[in-house]
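Student: Mind having a look at this structure? Questions to follow.
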Amino acid sequence: MNFSSAAVKPEQPSVFETRRFSLRQRIVLWLISWASHLAISVIGPTLRYSISWEEPPTPSDAIYEKPVIYSFWHRAVFPSAWLWRKTGIAVMVSRSFDGEYIARTLEKLGFIAVRGSSSRAGAEALLGLRSHLQRGTSVAFTIDGPRGPKDVAKPGPVLLSRASNVPMAAFYVALSDAWVLNTWDALMIPKPFSKALVRLGAKMQVPAETTTQTFLERDAQLAEFHRQLQVALERVTAFAEEHVGQVGTVEFPVVKR
């Protein structure tokens, strides 16, 4: 993944309508989204990032030039949001109250929020993400959100990869020092000047459906790639957490954006 390209100017937020909230909820959403944006903007510049790949990157792997369907655990939203700010990546977020403040925070950081989830408006959201992929924009899933269970991947990226002919990949951002909130996802808030190691998994391409496949064969194929995605997420997570202390060394030099 190449960070030398110019930042992509984000498009307008998703055309899908958001939920209607009460006046009190709208006030709370405004306060939380601005507070979250402020915290990320203040702590983010102090973090020391390094990036490690399972497969060697090529010049055409820049996120601005070749779309990929990324998946990562919900708890790594904070360090991920700062690293990939202003890149115009489309992110699937829930239409729940919690999802709405995350969406607003991400939009302030230059992402495109596509609202939906496995439980609400999921089909519409996948269509929205597919349209972004067709325009050359990478997309991302907080793959165990919006309500968990923690560290259990949902099948959205597999379905989207098959429908779009775009590969999927897992990544994780480990932190050397963080506050871990008592939430369902154990959300990580990095402490200032922490080290952050990003581990990017190898790409996986889900084959398109064929007319010769039976329903059982299609279901088995999707289940296998879903299993592979879960394994890839666990693998990149374990690697990043094991090696995050080496950020800044010869093996993992610091990367700035």
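Student: What is the sum of charges, Lys and Arg at +1 and Asp and Glu at -1, for the other residues whose Cβ falls under 9 Å from the Cβ of Phe239? Numbers along the way, then the final one.
Tutor: Values: positive: Arg199, Arg235; negative: Glu54, Glu241, Glu242.
Here the count lands on -1.
Student: Per q in 0.11 1/Å, what log10 I(q)/I(0) does a Debye calculation on the alpha-carbon atoms of the chain return?
Tutor: -0.57
Student: Can you pull the one-decimal nm distance between simple spin-label points at Gln25 and Lys191, each 7 Å off the Cα toward Cβ?
Tutor: If labels sit at Gln25 and Lys191, their model points lie 3.7 nm apart.
Student: Write down the accessible area per residue of the stretch 89-242 in Å², having rolled a 1.4 Å probe over the full set of protein chains. Intermediate values should be presented prior to the final figure.
Tutor: Values: 6620 Å² over 154 residues.
Using a 1.4 Å probe on heavy atoms only, each residue of the stretch 89-242 averages 43 Å².
Student: Once ligands and nucleic acids are excluded and a 1.4 Å probe is used, how much of Asp151 is accessible, expressed in Å² to the nearest 10?
Tutor: 40
Student: Sticking with this structure for a sec: log₁₀ I(q)/I(0) of the stretch 148-214 at q = 0.13, 0.15, 0.26, 0.29 Å⁻¹, via Debye over equal Cα point scatterers, no solvent, to two decimals?
Tutor: For the stretch 148-214, the Cα-only Debye profile gives -0.57, -0.69, -1.12, -1.20.
Student: Pull out the extension gain between Thr214 and Lys150, defined as 0.36 nm times the separation in residues minus the alpha carbon to alpha carbon distance; nm, one decimal.
Tutor: Fully extending the segment from Thr214 to Lys150 adds 19.8 nm.
Student: Pairs of alpha-carbon atoms within less than 8 angstrom and 6+ residues apart define the contacts here; what relative contact order does the chain have, in percent? Could you put the intermediate results ahead of the total?
Tutor: Values: 487 pairs, mean separation 65.8, N = 257.
Worked out over the chain, it gives 26 percent.
Student: I've got another one for you. Anything in the chain that counts as a DSSP H helix reaching 15 Å or more along its axis (C-alpha) with Kyte-Doolittle mean of at least 0.0? List them, would you? Show your work: numbers first, answer last.
Tutor: Values: long enough: 23-43 (30 Å, 1.20); 97-108 (17 Å, -0.70); 122-134 (18 Å, 0.19); 215-243 (42 Å, -0.38).
Span-like helices, by this rule, are 23-43, 122-134.
Student: Roughly what would the spin-label model give for Val231 and Lys256, points 7 Å off Cα along C-beta, in nm?
Tutor: Computed distance between label sites Val231 and Lys256 equals 4.0 nm.
Student: Please identify, among Phe171, Phe215, Phe78, the residue showing maximal mean-square fluctuation in a Gaussian network model of the chain using a 10 angstrom Cα cutoff.
Tutor: Greatest mean-square fluctuation among the candidates belongs to Phe215.
Student: Given springs between every Cα pair under 10 Å in a Gaussian network model of the chain, which of Thr142, Thr58, Thr237 has the largest fluctuation?
Tutor: Thr58
Student: Let me ask something additional. Name the most mobile residue of Val152, Val166, Val93, meaning the one with the largest mean-square fluctuation, in a Gaussian network model of the chain with Cα contacts below 10 Å.
Tutor: Among Val152, Val166, Val93, the largest GNM mean-square fluctuation belongs to Val152.
Student: Pop out the carbon and sulfur fraction of the accessible area of the chain as a percent, whole number, probe 1.4 Å.
Tutor: Details: 7260 of 12370 Å².
The value for the chain is 59 percent carbon and sulfur by accessible area.
The values are calculated or read from the model by the stated rules, or taken from the named source; none is laboratory data. Everything numeric in this text was worked out from a predicted model, so none of it was measured. No Cβ is skipped: glycine too gets one built from the backbone with ideal geometry, and neighbour counts run over all protein chains shown. Each accessible area value is taken on the protein alone, full model and side chains, heavy atoms only, with ligands, DNA and RNA left out. Shrake-Rupley method; radii C 1.70, N 1.55, O 1.52, S 1.80 Å.
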